[in-house]
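Before any comments, here is the structure.
Each reported figure results from applying straightforward, stated rules to the coordinates on display, with no laboratory input. Being a predicted model, the structure only gives us computed values, none of them experimental. When we count neighbours, we look across all protein chains shown, and the Cβ atoms used for this are built from the backbone with ideal geometry, even at glycine.
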Amino acid sequence: MPEIRPGTTPGRPDTYAVGLRAAGVLWRGFDVPDLSRWYTTQVQDNQTGRTISHNPQVAQQVMLVRPIDPGSNPFAEPYRFDLAVRPCNGVSRTELVHYPVNGTPGGAKYFYRWSTLFPLGESEFNSAFPIGPGTQGIWQVFTQWHQASNTGSPPIAFSAKREKSSNAPYIGLELSMPGTPYPIGVWKAPFTYNEWHNFVVSVVYSNSSSQGEVGLWYSTGWAIPPQAVQTWNLKTTASTNPNDKTTGPYLKHGLYRSQKYYGQRHSYVAHCGMVEGDSLAAVLANP
């Protein structure tokens with residue numbers, strides 16, 4: 001993977017160089033003030049009968065796309081996505097679904113970048129993002145790549161939770177490895193409120209555990225500095241029908257959480273700048 005270098009765009013220190021243009025951008029999730037770029041919505045709580053609803057009117061109750069000051073986020077995006085997850089006597093979610101633009105045949109490679117903010121009394125909903133104690137069965141997933149089915153743990157998941165030993169909050173990447181019954185944590189960073197956490201992920205889709213690949217770049221600052229790239233073998237499940245792009249794995253973006261601890265609570269989170277591209281330079285370019 002190439003090195004990520006900060007640029008010198010006039011008036012925007014620590015952002016990326018003007019030369020990084022978006023020729024290889026395949027899709028943008030929040031370049032319009034609505035959810036029309038996404039394939040569907042998923043809302044699951046007591047008000048949906050604890051089942052997943054795709055009803056746009058239900059989604060409008062817990063999802064909001066609103067303008068954002070371009071100078072307040074790392075990639076000068078025009079909009080942010082604020083969402084709420086309501087109480088549920090079961091697992092609950094408020095998520096958006098996107099299928100990769102060019103499908104997911106074996107060996108297909110995509111790059112994604114986005115930013116996530118965990119509010120502390122500053123969101124539209126004026127409430128803090130809650131993190132439960134570090135005990136088994138308590139989890140929140142804010143971005144995931146799901147296998148080509150509606151069941152099972154996602155192969156790739158970014159979570160916000162607490163350490164079991166110290167109870168310290170963190171955000172982490174978990175992967176479902178071949179031969180392991182539960183997802184394995186492969187990366188962690190300290191959890192902070194009211195700060196954009198910036199992510200760039202590369203994914204190679206494959207039905208072979210020796211060919212699937214995930215790469216990660218991360219920074220809590222205005223730009224992602226040069227970092228070593230880590231990759232892990234992973235069965236990411238390529239599309240079983242190359243003529244139908246919606247039969248393969250897909251991106252889910254929002255918040256999905258456990259019943260334990262979170263059942264009767266509200267959760268709030270904000271996302272910004274989800275982009276899918278065919279190169280690192282493409283997803284790091286400004287809109």
* **For Ser219, residues with placed amide H under 5 Å, excluding near neighbours** => Asn198
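Multiplying the sequence separation of Val32 and Ser208 by 0.36 nm and subtracting their Cα-Cα distance, what value in nm do you get? Display every interim value, and only then the final one.
Details: separation 176, 0.36 × 176 = 63.36 nm, distance 3.66 nm.
Value of the extension gain: 59.7 nm.
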* Trp27's amide H: which non-local residues (gap 5+, or another chain) put their own amide H closer than 5 Å, with H modeled 1.01 Å from N in plane and none for Pro or chain starts? -> Glu276
* About the Cα centre of the range 25-284, how large is the charge dipole given +1 on each Lys and Arg Cβ and -1 on each Asp and Glu Cβ? Please answer in debye to the nearest 20. => 620
* To do: Scan the range 74-180 for GluC sites (Glu not before Pro) in coil per DSSP, keeping those whose Cβ has at most 15 other Cβ atoms within 10 Å, and list them by number.
  => Glu122, Glu124, Glu163
* In sequence order, calculated HN-Hα J values of the range 54-60 (Karplus, 6.51, -1.76, 1.60; Hz; x Gly/Pro) -> 10, 5, x, 5, 5, 4, 5
* Which ³J(HN,Hα) values, rounded to whole Hz and listed in residue order, are derived for the range 157-168 from phi using the Karplus coefficients 6.51, -1.76 and 1.60 in 6.51 cos²θ - 1.76 cosθ + 1.60 with θ = phi - 60°, glycine and proline given as x? -> 8, 9, 10, 10, 7, 10, 5, 5, 7, 9, 6, 6
* Using θ = phi - 60° and the Karplus form 6.51 cos²θ - 1.76 cosθ + 1.60, what ³J(HN,Hα) does each residue of the range 137-154 get, whole Hz, x for Gly and Pro? -> x, 10, 7, 9, 10, 9, 7, 8, 10, 9, 5, 6, 6, 9, 10, x, 6, x
